[in-house]
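Report on one structure; see the data block that follows.
The values are calculated or read from the model by the stated rules, or taken from the named source; none is laboratory data. The shown structure was predicted, so the numbers you read here are calculated from the model rather than taken from an experiment. Methodologically, a virtual Cβ is constructed for each residue, glycine included, from the backbone with ideal geometry; neighbour enumeration extends over all protein chains shown. Note: accessible area is taken over every heavy atom of the protein model, side chains too, but ligands, DNA and RNA are not part of it. Shrake-Rupley method; radii C 1.70, N 1.55, O 1.52, S 1.80 Å.
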Amino acid sequence: MGRGMMGGPGMMRLWPRPATVRPGQVSLRVFNAGSQAHEVLVLPLAAGQTAGNLPVGSDGKVDETGSLGEASNNCGAGEGDGIEPGAVGWTTVTLQPGRYELLCNMPGHYAAGMYTELDVTGA
Ligand SMILES: [Cu+2]
């Protein structure tokens, strides 16, 4: 699995920079600093929900229904087969004010900790 560097399950994290953005068109540029392929999806967080609490199915993935966008194309925009280590992928989504969850839905990655919250506030 991976390239044997520091890609153990405990190392699977997402860091949003910044973690708060203004509403409208938001461009996500995802750099994979890990040792295996990853992706980033954007899902709205329901009121009272926090990131990391979606149910994980037997396939190791969460339900992507309602995803607003996805960066999973290696060195490209939109959907693909995953962003390789050391590469970037990107997408642009339109976000209303609210709370969102960014997550990687490669099998097992969500349960390993690949999720974070993105907040959209301001005018
Ligand atoms: Cu991942």
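Annotation: for a label point projected 7 angstrom from Cα along Cα→Cβ of residue 79, residues of region 14-52 with backbone N closer than 15 Å are 39-43. Using a probe radius of 1.4 angstrom, the carbon and sulfur fraction of the accessible surface of the chain is 53%.
As a length-normalised measure over Cα pairs under 8 Å and 6 or more apart, the relative contact order of the chain settles at 37 percent.
With the cut-off at 1.5 for a/c, could you classify region 13-120 from its C-alpha gyration tensor as rounded, prolate or oblate? Judged from the Cα gyration tensor, region 13-120 comes out oblate (a/c at least 1.5, b/c at or above a/b).
Other residues whose C-beta falls under 15 angstrom from the C-beta of residue 45 contribute a net charge of -4, scoring Lys and Arg +1 and Asp and Glu -1.
When the Cα positions of 80, 93, 19 are compared along the charge dipole of the chain, 19 comes out farthest toward the positive end, with charges on each C-beta of Lys, Arg, Asp and Glu. When +1 charges are put on Lys and Arg Cβ atoms and -1 charges on Asp and Glu Cβ atoms, the dipole computed for the chain relative to its Cα centre reaches about 400 debye. Within the shell of other residues whose beta carbon sits under 11 angstrom from the beta carbon of residue 77, the net charge comes to -1, with Lys and Arg scored +1 and Asp and Glu -1.
The residues of region 1-101 expose, per residue, 61 Å² of accessible area to a 1.4 Å probe.
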